[in-house]
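Reading through the structure tokens given below for one structure.
The values are calculated or read from the model by the stated rules, or taken from the named source; none is laboratory data. Since we're looking at a predicted model, the values are computed, not measured. Cβ placement follows ideal geometry from the backbone for every residue including glycine, while neighbour counts extend to all protein chains displayed.
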Amino acid sequence: MYTILLVDDEKRMLDLLELYLAPKGYRCVKCESGVAAIRYLENNKADLVLLDVMMPEMDGWETCKQIREFSNVPIIMVTARGETTDVVQGLKIGADDYITKPFDESELLARIEAVLRRSVGKQTKLEFNGLVWDEAQHKVQYAGHDIFLTPKEFAILGLFLKNPNRVFSREQLIVTLWGYNSNTEERTIDSHVKNIREKLRQAGFPIDEFLQTVWGVGYKWGDKVKRNGREAHYTVSYI
């Protein structure tokens with residue numbers, strides 16, 4: 001059963017959405033503010049978020065931005081406004097789809113099903129020399145032991161594993177993970193990389209052989225190491 005987080009400041013709309021979705025087998029969790037939704041997602045799992053844009057205090061745009069700081073849960077923006085600029089804004093800040101009120105029940109269900117299908121298709125589990133990066137469960141393991149990374153550390157590690165031997169500049173990492181308009185400084189990337197190295201090193205993974213600093217440029221994840229005069233090559237496997 002999929003869990004859908006419904007976020008709207010109008011209780012009537014929350015009840016209506018649940019009336020549409022519950023008979024189709026969806027478990028609905030209702031939040032009446034962006035703050036409540038963020039608090040829920042920080043401690044619980046949801047498969048999709050239906051997020052209203054026009055809410056007091058914290059609107060849907062800001063709520064979406066803050067969710068994207070720690071979660072890749074699929075988000076469908078729900079609003080009475082249908083201008084093209086609003087659609088583009090929602091997609092730029094991390095929304096997966098957009099539906100305008102008033103909407104047809106069948107259209108809403110179709111959009112939810114489509115987003116969930118795409119979400120399942122994007123989930124990956126990677127293995128590299130015994131290190132397992134599980135996107136679906138947001139978990140990293142080595143030798144059967146969990147390695148606890150922050151959301152940004154987890155995202156950086158996944159980016160490296162998906163792109164072995166590609167050199168990423170600090171600016172590229174900032175744009176990829178924080179967006180074009182971010183004020184994040186390059187030293188923040190250095191701090192995250194340092195934390196990744198320390199945590200994987202403490203877990204026994206030979207991180208220093210693979211996560212390499214490219215001086216004057218940035219970082220890369222190498223897949224070749226020399227041991228006892230011989231070159232060993234490791235590959236990333238999807239499992």
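Annotations for the structure displayed:
Okay, residues lined up against (1) of a type outside the set (S, T, N, Q); (2) under 16 Å from Y219 (Cβ atoms); (3) surrounded by fewer than 13 Cβ atoms within 10 Å (Cβ to Cβ):
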site	(1), (2), (3)
T124	no, no, no
E127	yes, no, no
E135	yes, no, no
I147	yes, no, no
E153	yes, yes, no
F160	yes, yes, no
L173	yes, yes, no
S182	no, no, yes
H192	yes, yes, no
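- Scope segment 97-112; condition modelled with pLDDT of 90 or more and under 19 Å from the mean Cα position of the chain (by Cα); matching residues: I112
- Residue list for segment 8-29, restricted to those being charged (D, E, K, R) and closer than 19 Å to T63 by Cα: D8, D9, E10, K11
- Helices (runs of 4 or more DSSP H) wholly inside segment 1-96 containing at least 3 residues that are within 21 Å of the chain's Cα centre (by Cα) and either modelled with pLDDT under 90 or surrounded by 16 or more Cβ atoms within 10 Å (Cβ to Cβ) (or both): 34-43, 60-68, 84-92
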